[in-house]
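The values are calculated or read from the model by the stated rules, or taken from the named source; none is laboratory data. These numbers were taken from a predicted model, which means no experiment stands behind them. Counting neighbours? That spans all protein chains shown, and the Cβs are built from the backbone with ideal geometry, glycine included. Heads up: the accessible areas ignore ligands, DNA and RNA and are worked out on the full protein's heavy atoms, side chains in. Shrake-Rupley method; radii C 1.70, N 1.55, O 1.52, S 1.80 Å.
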Amino acid sequence: MKFSLQIANRYIKSKKGAKFLSLISVITIAGIALGITVLIMAISILNGFDKTVSENIIKFNSHINISGFGSKNLENFSAISDKIKSELGKKYSTFSPYISQKVLISKKEFTDGIILTGIDSIFAEQSLRKILINGNLNLSENDFNIIIGKKLASNFKLKVGDFINIIALKNDEIPSLTNMPTIEQFKISGIYESGMAEYDDIYAYINFSTSKSLFEIKDEISGYNINLKNISEIDSVKEKLQSVLPYPHYVRTYRDINKHIFTWLELQQKPIPIVLGLIIIVAVFNIVGALLMLIIQKTEAIGVLKSMGAKRKQIIQIFVFQGLFLAGVGIILGNLFAFVLSWLQNNYKIISLPEQIYYLSSVPIFIDFKIYILISVLGIILAFFASLIPSFIASRIQPITAIKFN
């Protein structure tokens, strides 16, 4: 084994015995490093999108949402709330009713449609606290305060302390002479940024009791926001609640509500096996090609080694060691390049994205060392098998053939 390692080390170095690797070895290592970097970056970016979007949606919404089919209000919410809590037992961490309706927001010549939601202090602390960037969560019952998204504030040139007008329908019915819309002035107490422009543009929040008064709703709500202690139970809890709640209650998880986003993310992941296959093929050809070139270069030396008593097993070991060395250096460099690029992107946001299309302002990269280890182990295994083919070819060279070749 020691003999094979010593010979492999000499073969890896240049002809003149310098400490620098030969040109063939450098090209092979660079190809493997590039392939490993691309593969790690591709998986890390997709995982980053999935993780970041999921986190943004969860911190902005809730694990489970119960609403009415066709946006119908839910009646007898006090009794239904007790029933839901009874079914959940100790599985939930927060339980909050809400009232949500479409309204018009206006300031001077600017007018736009938004979704205004009345929430209680529990949901405000659980969700909005994490994404609040300016102001406070002062949504007290007696004060007409409102929290809006950063993009909406930018569109209307609003800041904390400014006032805006809200035009809302009464009883969720079409305006008429006997059912005139309500117009109230609200003060902006806070501005949030969820990281997803689609939400920051249309969602605003007020106090739950204030919303009941604004929309003139009595014992009705739009739905419930539920967060679980263990998110892995989300599907089973969803099915259980849907089976016990009467029409028009509609139980959905955050993934159901944002199905278009997660379907898009799943679509992005489908080409990964193809990319993985292509990178594996390139890496294998790099190793096989480099070793075959070295075998041609070292044919005479192989013949001399065999004439001096070197066994086939030792010849095979020499070139397997060399293949593993080249792959190992390439994999280490590939991991290093991928980590540095990921760190730079996460800290300096070098690559930006249009928020309207990708829901995020920059490319998110999730650094998961399990992925690095998995890809590295897979690379070493492939390098081993790729090295066997040229190694067997080298072991079959006869001394007389090597002399004639020279």
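Structure notes:
- Against the numbered list (1) within 30 Å of Asp201 (Cβ to Cβ); (2) without any contact (Cβ under 8 Å) to a residue 40 or more places away in the chain, Glu355 comes up short only at (2).
- Residue match in the stretch 346-353 (condition: among the hydrophobic types (A, V, I, L, M, F, W, C), open to solvent by 70 Å² or more (accessible area, probe 1.4 Å) and either assigned to a strand (DSSP E or B) or over 19 Å from Leu46 (Cβ atoms) (or both)): no
- The stretch 126-169 - residue that is assigned to a helix (DSSP H, G or I) and of a type in the set (Lys, Arg) and, of those, surrounded by the most Cβ atoms within 10 Å (Cβ to Cβ): Lys151
- Out of Tyr250, Tyr254, Tyr205, one residue alone is open to solvent by 70 Å² or more (accessible area, probe 1.4 Å), within 25 Å of Leu116 (Cα to Cα) and modelled with pLDDT of 85 or more. It is Tyr250.
- Identity of the residue in the stretch 116-125, buried (at least 20 other Cβ atoms within 10 Å of the Cβ) and of a type outside the set (A, V, I, L, M, F, W, C), that ends up farthest from Ile202 (Cα to Cα): Gly118
- Some residue of the stretch 321-335 being of a type in the set (Phe, Trp, Tyr), crowded, with 20+ Cβ neighbours inside 10 Å, at pLDDT 75 or above and part of a helix (DSSP H, G or I): yes
- Hey, Ser194 touching a residue at least 60 places away in the same chain (Cβ under 8 Å), hydroxyl-bearing (Ser, Thr, Tyr), surrounded by 15 or more Cβ atoms within 10 Å (Cβ to Cβ) and closer than 24 Å to Asn73 by Cβ or not: no
- Selection status of Glu216, on the phi > 0 side of the Ramachandran plot and open to solvent by 30 Å² or more (accessible area, probe 1.4 Å): yes
- Qualifying residues in the stretch 293-319 (those that are outside any helix (DSSP H, G or I) and either modelled with pLDDT of 75 or more or polar (S, T, N, Q) (or both)) - the one least open to solvent (accessible area, probe 1.4 Å): Ala310
- Extreme residue, most open to solvent (accessible area, probe 1.4 Å), among residues of the stretch 219-245 that are in contact (Cβ under 8 Å) with a residue 24 or more places away in the chain and of a type in the set (D, E, K, R): Lys229
- Restricting the stretch 360-384 to residues that are open to solvent by 20 Å² or more (accessible area, probe 1.4 Å) and in contact with a Gly (Cβ under 8 Å, 6 or more places away or on another chain), the residue that is farthest from Leu291 (Cα to Cα): Ser361
- Index of the failed condition, Lys90 passing every other in (1) at negative phi; (2) open to solvent by 70 Å² or more (accessible area, probe 1.4 Å); (3) in a helix (DSSP H, G or I): (3)
- Residue match in the stretch 299-315 (condition: among the β-branched types (Val, Ile, Thr) and free of Cβ contacts under 8 Å to residues at least 24 places away in the same chain): no
- Checking Ile397 against (1) hydrophobic (A, V, I, L, M, F, W, C); (2) in contact (Cβ under 8 Å) with a residue 60 or more places away in the chain; (3) assigned to a helix (DSSP H, G or I), the condition it does not meet: (3)
- Considering the stretch 26-69, and only residues there that are polar (S, T, N, Q) and not in a helix (DSSP H, G or I), the residue that is farthest from Leu382 (Cα to Cα) turns out to be Ser67.
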